[in-house]
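S.K.: One structure coming up, written as structure tokens, with questions to follow.
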Amino acid sequence: MGTVSFNLVAAADGLLSAEGELSLVTVEAALILSRHIFQQQQGDVTVDLGEVSRADSAGLALLILWVRELRGRGRTLTFVHTPPHLLRLAGASNLSNILPFSLPELLNSNDRTTQNFV
């Protein structure tokens, strides 16, 4: 079994790239890393989830926490390039209206679960 990891990289001003696994195994380290990066960033934040290889309910809870923390600071968070597996998990958990996924991803999804997001 390989090493499970997660990384959040500042790709550009306000754009962050999430890479690896968002799961119970990585969520604690991901929370610490994200808080550090969010403090360094100014303004609204966009997180590219395109390189997230796997996610579970703990990872989904982390995304909700990010939204709440940034909103508490008067900042907006948007998720882009969200993998279908993460969209399905959010849909099955009835969290699609809480998490700010970009609309084109939701409209382009062929999965019935994610069709309900629109």
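S.K.: For L33, are the conditions met, namely being under 26 Å from G91 (Cβ atoms) and of a type in the set (A, V, I, L, M)?
M.R.: no
So that you can scan it fast, the table gives a plain yes or no per residue for (1) within 24 Å of G14 (Cα to Cα); (2) crowded, with 18+ Cβ neighbours inside 10 Å; (3) modelled with pLDDT of 95 or more; (4) of a type outside the set (S, T, Y):
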residue: Q39; (1), (2), (3), (4): yes, no, no, yes
residue: H85; (1), (2), (3), (4): no, no, no, yes
residue: S102; (1), (2), (3), (4): yes, no, no, no
residue: F117; (1), (2), (3), (4): no, yes, no, yes
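S.K.: For the range 1-51, give me the residue count where each residue is hydroxyl-bearing (S, T, Y) and in contact with a His (Cβ under 7 Å, 6 or more places away or on another chain).
M.R.: The number of residues fulfilling the criteria is 0.
S.K.: Quick one: E28 ticks every box in (1) of a type outside the set (A, V, I, L, M); (2) surrounded by fewer than 16 Cβ atoms within 10 Å (Cβ to Cβ); (3) within 13 Å of the chain's Cα centre (by Cα) except a single one, so which number is it?
M.R.: It is condition (3) that E28 fails.
S.K.: Then there is this: Tell me which residues, restricted to the range 56-70, are within 16 Å of G91 (Cβ to Cβ) and not charged (D, E, K, R).
M.R.: Within the range 56-70, S57, G59, L60, A61, L63, I64 qualify.
The values are calculated or read from the model by the stated rules, or taken from the named source; none is laboratory data. This structure is a prediction, so every number in the text was calculated from the model and none was measured. A quick note on method: Cβ atoms are made from the backbone with ideal geometry, for glycine too, and the neighbour counts reach across all protein chains shown.
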